[in-house]
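S.K.: This is the structure, below, for whatever I ask next.
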Amino acid sequence: MINKKIKINNERMFVDELITGDIVDAGTSIYFKTGSWRSEMPIFDKKKCVNCLICWISCPDSSIKISFDTKNITNVDGIDYDHCKGCGICASECPTKSITMIEEKK
Amino acid sequence: MIKTVSKNGKIMAKTGNEAIAEAMRQIEPDVVAAYPITPATEIVQIFSQFVSDGIVKSKYIAVESEHSALSATIAASAAGSRAMTGTSSQGLCYMSEMLYIASGLRLPIVMTDVNRAISAPINIHADHSDTMSVRDSGWIQIYSENSQDAYDNIIQAVKIAERAMLPVIVTMDGFIISHCMEVVEVYRDIDVKKFVGIYKPKRYLLDIKNPYTLGSIDLQDYYFEHRYQLAKAVVDSKKIILDVAEEFKELFGREYDLCEKYMIDDAEIAMIVLGSTAGTIKDEIKKIREEGIKIGLLKIRIYRPFPVEQVVENLKNIKVVAVMDRSDSCSGAFSPLYSDVVSSLYSHGIIDIKVVNYIYGLGGREINNLHIKNICDDLNKILLGIEKQPYEVKYVNIRKK
Amino acid sequence: MIDLKDLSKNPERFACGHRLCSGCGAGIVARQVLIAASKFDVVITSATGCLEVSTTIFPYTSWKCSFFHSAFENSAATCSGIEAAYESLKSKGKIDKDIKFIAFGGDGGTYDIGLQSLSGAMERGHKMLYICYNNEAYMNTGIQRSSATPIGAHTTTVPIGKFSYGKKQNKKNLTKIMIAHDIPYVAQTYVGNWNDLMTKVQKALSIDGPSFINILTPCRLGWNYKVQDIMKISRLAVDTCVWPSYEFEKGIYKINVIPKQKKPIIDFLKIQGRFKHLLDESKSYVVESIQQYVDNEWEYLKNVSTNTISY
Amino acid sequence: MFKEMIEIRWHGRGGQGTKTAALLFAEVSLGIGKYIQAFPEYGPERMGAPVQAFNRISNYPITIHSGITNPDYVVVLDSSIIDSVSIDAGIYYSSKIIVNTSLSVMEISKQININPEQLYVVNATKIALEFIGRNIPNMPMFGALTKIINILDINDVLSIVERKIIKKFRHKPEVIKGNLISIKRAFDEVKN
């Protein structure tokens, strides 16, 4: 119930709707968008990428999107712009320079 | 032979500490985390012997401080286990931060506090300064008059806590009760276990299939609602406390209420008190009554939530009341129990009653029948108009030139 | 060796949408720890601090596993309470799963206010992993000095000034203190080496008893560097030997990363705003004394280490 | 005649079993159906230092929780404390004092200025050494008090005490026997 309300309209809950105690359902922060924090934005070039996953493991914001191909091998798909804060660590760490930072267009 | 109240009870000689340890053995909580402090040490000493002897299957954590004792107890409770602890005085002060957290997180922890004065000067004897210092922490506070009370209260506390989702502190006066061997009726293990039942929390951290976050940060948008929820729960717990008392009476025969009335129905003057001194006052009231003075006693058993309605109901026809505080607010604005009594009366429009605040027994200072008789004489003089109601706090049995 | 491809197949347990600073090291630590622990069910506790307040702003939480916070100084005691409850419920047959317990704390909550609680929990031998994400100052409250703050660093409670070059004391060597507890596993690692960090986490979790990992976690705000340079800076800490990567397992020291060429400490200091004032000629004696301290500690570590293992 | 409530004060030194005697006296009294209280002089107990312990015994529930200021009986486990402790504090005309001593009533009476009619003596140390083998005079003094207080049957006392200590000394039956004999001996020997 709590998730739904946050998900749909970010509405504040009334006291009667709150679970007893200071409880939050797991993983609800995905409904909080931090993408607007960016001043620079990472651009991912799939062609250069070797799927080493260093960007994925280095990202503090869990914002590198991955998927699994038919052989169940992990592929890097790109950036979750809803949450990426534009820190540029991925670009800086990428061994094949598949990610570059550009100015965020407002 | 002394008759038992309960059908299957057994009369035993136990100190307050032994009675609490006995109740804890019967309750057999999953986790106990505690740190030694006089005069509460015996409780955990006896209990850890039960653990060492395999008499209970509880896990005992001998932590390195009271702060960690309550921290670990809170965590164990949040994890889904029935958790208990115990302390006194400085230990309770050191736990203070965690007390507020336990109630804020709505964890049904049961703790014993053996009432002892707060330093400085360091003193190991009874007064209520420790529990009074955390009276607004959102814990239910139950005061015990004697070892039997302490034993019965701790058993009821488990049920109250789990039903109200609030932590409960059961207190008894240091040494006066904790170290005094008295007659205690101990119930059968099986009956106590049946009464407290099995703890089934709705949500708990070890339920890893249903993970959640407990102890998040509230900003301006939610803190107020959560604290309101807590305050309401504490006030609403009065009904739960009475329900549990009713169930207790059914199974064990002993009656409990938020307050205990003693010869107060036709009284003109009365005393209000917490803890062991109630017994001494009862003893003296019996004698004073023989002189034809209509005096009664209202013993507050449940101090938090404060039994506002019962206090009003029982005092509304009284002319002069002595509120006996075993702690001092050092404020000039009267002491905790007095403030609660007077605001209860005033909020209900009862203003033509004379209420006098007596502070007694700090650091274990003796309070006996003679002192109580003197207070009664004071009240009687005010009743008869011989003396005026004093405008300041009166200190009992203090050496002053 | 950590296989990222393999680990990436497990569900992510540290959700996006938290409110740590852009490029925050604590976020990297939390994620990598959880990813390293992928094959276990875990319960997490945390001390009050950046990580906790930024990841659990009601009604949002970034934790997809059970997470508990109660206060600043008691992450270890809290974790020990949960572990005790687990042991109790397991012995009574109420729980059958294997669960691991991880406590997080910053350097303030670990080196300073939480030291007693940590020491107690470690001494009692609870099966738990304590992780200190060490950013060398109280960053959550705005960069105040802690006992983990290194000599010469500028903080808001020991600011540089006419009569001050920042903190005058060396940082406390907490890793050594934890080693002195004689617990089965103690390690030091850093954010710039996911392989080293995650291997140590896995090792710690495989051990039957308490373990402690001290992770150097640069803070962009407090250390004042270019946000994307976090990995570079922490690697420099290892290459200059001011923060060696080593472990202490069952009484044996092992250095895990030996720099190919030990770099002078100035290389580490000069790219951080918190040490900028030390570059002035008049403060060269401070830099020299830091170099001396680093050299001594490094020699000591080499002497006590019986061998070297790199991950 | 049994007063509504009897109050007893025990004097001794830390380590002599003063508190134990009071606790045991309460348990024995409970065993014959009395309401009881037993409490030590509150505070840390230190070996060798003078200590006190108290009892209340009644046919009715005891609600009073103050200290005992006017004891009906005073039991002194160690006569060497007479000089430093006022064992006569709060006593009144019918209080009775029982002292462990090798001296006579008259000698003690002179020493502490108490009416000899209120005074009783027994050489509990000698009895303890003879039958228990150690100078722990609490058990014999227990027997002496039983005699003077005259509300407990000595046979009840012996059987209840045996039941209480049998667990502790399961492997030392001679200790149990010694304790019981010393109680009985002091019961017989205490005199005015």
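S.K.: Filter the stretch B:57-74 down to residues that are surrounded by 21 or more Cβ atoms within 10 Å (Cβ to Cβ) and out of contact with any Gly (no Cβ under 8 Å at 6 or more places or on another chain) and give me whichever is farthest from the other protein chains (Cβ to nearest Cβ).
M.R.: Looking at residues that are surrounded by 21 or more Cβ atoms within 10 Å (Cβ to Cβ) and out of contact with any Gly (no Cβ under 8 Å at 6 or more places or on another chain), I get B:L70.
S.K.: Just give me the residues in the stretch B:108-119 being of a type outside the set (S, T, N, Q) and surrounded by 24 or more Cβ atoms within 10 Å (Cβ to Cβ), in sequence order.
M.R.: B:I109, B:V110, B:M111, B:D113, B:V114, B:R116, B:A117
S.K.: If a residue must be in contact (Cβ under 8 Å) with a residue 12 or more places away in the chain and either farther than 23 Å from C:H18 by Cβ or surrounded by fewer than 15 Cβ atoms within 10 Å (Cβ to Cβ) (or both), how many such residues does the stretch A:49-73 contain?
M.R.: 5
S.K.: Turning to a different aspect of this structure: Among the aliphatic types (A, V, I, L, M), within 18 Å of the chain's Cα centre (by Cα) and under 30 Å from D:S29 (Cβ atoms): which single residue out of B:I169, B:I190, B:I177, B:I160 fits that description?
M.R.: Within the list B:I169, B:I190, B:I177, B:I160, the selection yields B:I177.
S.K.: Can you pull out the residues in the stretch C:4-26 that are out of contact with any helix residue (DSSP H, G or I) (no Cβ under 8 Å at 6 or more places or on another chain) and under 23 Å from C:E73 (Cβ atoms)?
M.R.: none
S.K.: Further question on the same structure: Of everything in the stretch C:49-99, what is touching a Lys or Arg at 6+ places or on another chain (Cβ under 8 Å), in a helix (DSSP H, G or I) and more than 8 Å from chain B (Cβ to nearest Cβ)? Give them in sequence order.
M.R.: C:S54, C:T55, C:E83
S.K.: Report yes if D:V74 is within 29 Å of D:L129 (Cβ to Cβ), in a strand (DSSP E or B) and in contact (Cβ under 8 Å) with a residue 12 or more places away in the chain, otherwise no.
M.R.: yes
Residue-by-condition table, conditions (1) within 9 Å of chain B (Cβ to nearest Cβ); (2) at pLDDT below 90; (3) closer than 19 Å to D:T125 by Cβ:
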{"site": "D:R9", "(1), (2), (3)": "no, no, no"}
{"site": "D:G12", "(1), (2), (3)": "no, no, yes"}
{"site": "D:A21", "(1), (2), (3)": "no, no, yes"}
{"site": "D:A26", "(1), (2), (3)": "yes, no, no"}
{"site": "D:F39", "(1), (2), (3)": "yes, no, no"}
{"site": "D:G48", "(1), (2), (3)": "no, yes, yes"}
{"site": "D:N59", "(1), (2), (3)": "no, no, no"}
{"site": "D:G67", "(1), (2), (3)": "yes, no, no"}
{"site": "D:I81", "(1), (2), (3)": "no, no, yes"}
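S.K.: Just to verify a result, which residue in the stretch B:277-301, among those that are in contact (Cβ under 8 Å) with a residue 40 or more places away in the chain and away from chain D (no Cβ under 13 Å), is farthest from the chain's Cα centre (by Cα)?
M.R.: Per the stated criteria, the residue is B:I293.
S.K.: Answer with yes or no whether B:R135 is of a type in the set (K, R) and either more than 13 Å from the chain's Cα centre (by Cα) or in a strand (DSSP E or B) (or both).
M.R.: no
S.K.: Just give me the residues in the stretch B:215-243 being out of contact with any strand residue (DSSP E or B) (no Cβ under 8 Å at 6 or more places or on another chain) and β-branched (V, I, T), in sequence order.
M.R.: Listed by number, the residues that qualify are B:V235, B:I240.
S.K.: Name the residue that is surrounded by the fewest Cβ atoms within 10 Å (Cβ to Cβ), counting only residues in the stretch B:79-98 that are at the interface with chain C (Cβ under 7 Å from one of its Cβ atoms) and farther than 24 Å from B:R25 by Cβ.
M.R.: Filtering first and then ranking leaves B:E97.
S.K.: Show me the helices (runs of 4 or more DSSP H) found entirely inside the stretch B:217-336 where at least 1 residues are at pLDDT 95 or above and within 30 Å of A:D16 (Cβ to Cβ).
M.R.: Those helices (runs of 4 or more DSSP H) span B:223-252, B:308-315.
S.K.: Can I ask one more? Could you identify the single residue in D:G143, D:G178 that is over 30 Å from D:M5 (Cα atoms) and surrounded by 20 or more Cβ atoms within 10 Å (Cβ to Cβ)?
M.R.: D:G178
S.K.: I'd like the full set of residues that are among the aliphatic types (A, V, I, L, M) and within 20 Å of the chain's Cα centre (by Cα), limited to the stretch B:356-380.
M.R.: Matches in the stretch B:356-380: B:I359, B:L362, B:I367.
S.K.: Answer with yes or no whether A:I23 is over 21 Å from C:L7 (Cα atoms), at the interface with another protein chain (Cβ under 9 Å from one of its Cβ atoms) and in contact with a helix residue (DSSP H, G or I) (Cβ under 7 Å, 6 or more places away or on another chain).
M.R.: Here the answer is no, as A:I23 does not meet what is asked.
The values are calculated or read from the model by the stated rules, or taken from the named source; none is laboratory data. Given the structure is predicted, the values throughout are model-derived calculations rather than measurements. Note: ideal-geometry Cβ built from the backbone for every residue, glycine included; neighbour counts use all protein chains shown.
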